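The values are calculated or read from the model by the stated rules, or taken from the named source; none is laboratory data. Because the structure is a prediction, the values reported are computed rather than measured. FYI the Cβ positions are ideal-geometry reconstructions off the backbone, even for glycines, and counts take in every protein chain you see. Areas reflect the complete protein model, heavy atoms only, side chains present, ligands, DNA and RNA absent. Shrake-Rupley method; radii C 1.70, N 1.55, O 1.52, S 1.80 Å.
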Amino acid sequence: MEVIKTKNELRKLLERERQKGKSLGFVPTMGFLHKGHLSLMERARRENDVVAASIFVNPTQFGPGEDYGTYPRDLPRDIRLARSAGVDYLFVPEADEMYPDNSITFVDMEGLTDVLCGASRPGHFRGVMTVVTKLFNIVKPDRAYFGQKDAQQVLIIKKMVKDLDMDIDIVEMPIVREEDGLAMSSRNSYLTASERKSALVISRSLSDARDSIKEGENRAGFIKEAIRREISTEQNASIDYIEIVDAETLKPIERIKGGVLIAVAVRIGKTRLIDNIKLEV
Ligand code: AMP
């Protein structure tokens, strides 16, 4: 595996691969890798001749007062893990390599970006779309891999690729969880031992919601309220949002039917965690 810091170097190496007719899979990440990230890399390894991944904590997707400065970083460990997952080229640019001083162009979207995490984190998805577009233009992958963990993000990326005629297949992978159910996240490293226990209420409330829907409950308001009640039993949990929406449009629904996304964002202590389940009812 080669570790590359500059766009020019990466472009040159990948151009050489493309000229040999190789297919290219790409996994963008912010690093501090865990099994969720590795599942994307391993899938990319199975489906492509060449695999590129990036580790870039993207400043433009963090709002003021968010955790850009403290986001966990461990490059030596990430290099070992990415290599073991079969990555060929690991791109690790600094912020000024990705955003030179005079960068004033952004990618944005209406509607899908205004709800859920977009409502609580204004500008977040503009930052995500801009950096993903830049990475796509540098890497020029055939396929790019994203996790359902960030369900709104992957939906937005799929729509962006379609709207802007980017010739890239977007592959979505299921959420990888710890054995006790907590969705894996680099941000879990912020949790104290007791917060880690409290955080379990998030996945538990979602799987309880899934159970009651299986038993026939179809009132979104009722399910939302049950989730709210369950999460509120944890003293250090504060709810950012609980939403039940159409899985394609992200519009709120009243009756649970068809493709449904139940998405939550909860602060445990100071750490904001997200989780979701998708159902076909
Ligand atoms: P991040 O480094 O958090 O920006 O995530 C990079 C990619 O990994 C995104 O496509 C995420 O959706 C995906 N990802 C993060 N956590 C998980 C998880 N627990 N399971 C599956 N994919 C994940």
For segment 34-54, give me each residue that is within 9 Å of the ligand (Cβ to nearest atom), out of contact with any helix residue (DSSP H, G or I) (no Cβ under 7 Å at 6 or more places or on another chain) and of a type outside the set (S, T, N, Q).
Lys35, His37, Leu40
Quick check on my filter: what residues within segment 154-167 are part of a helix (DSSP H, G or I), under 16 Å from Thr130 (Cβ atoms) and without any contact (Cβ under 8 Å) to a residue 40 or more places away in the chain?
Ile157, Val161
Could you check segment 28-130 for helices (runs of 4 or more DSSP H) lying wholly inside it with 3 or more residues that are open to solvent by less than 40 Å² (accessible area, probe 1.4 Å)?
35-47, 75-84, 116-120
Filtering segment 154-166 down to residues that are open to solvent by 20 Å² or more (accessible area, probe 1.4 Å) and within 21 Å of Arg121 (Cα to Cα) yields Leu155, Lys158, Lys159
Filtering segment 242-251 down to residues that are under 23 Å from Ser232 (Cα atoms) and in contact (Cβ under 8 Å) with a residue 60 or more places away in the chain yields Glu243, Val245
Residue identified as in a loop (DSSP other than H, G, I, E, B) and of a type in the set (A, V, I, L, M) among Ile175, Ile170, Ile138, Ile213
Ile175
Residues that are open to solvent by less than 40 Å² (accessible area, probe 1.4 Å) and more than 8 Å from the ligand (Cβ to nearest atom), drawn from segment 167-191
Ile168, Ile170, Val171, Gly181, Leu182, Asn188, Leu191
Do we find that Ala151 is buried (at least 22 other Cβ atoms within 10 Å of the Cβ), at pLDDT 95 or above, part of a helix (DSSP H, G or I) and within 16 Å of the ligand (Cβ to nearest atom) in this structure?
yes
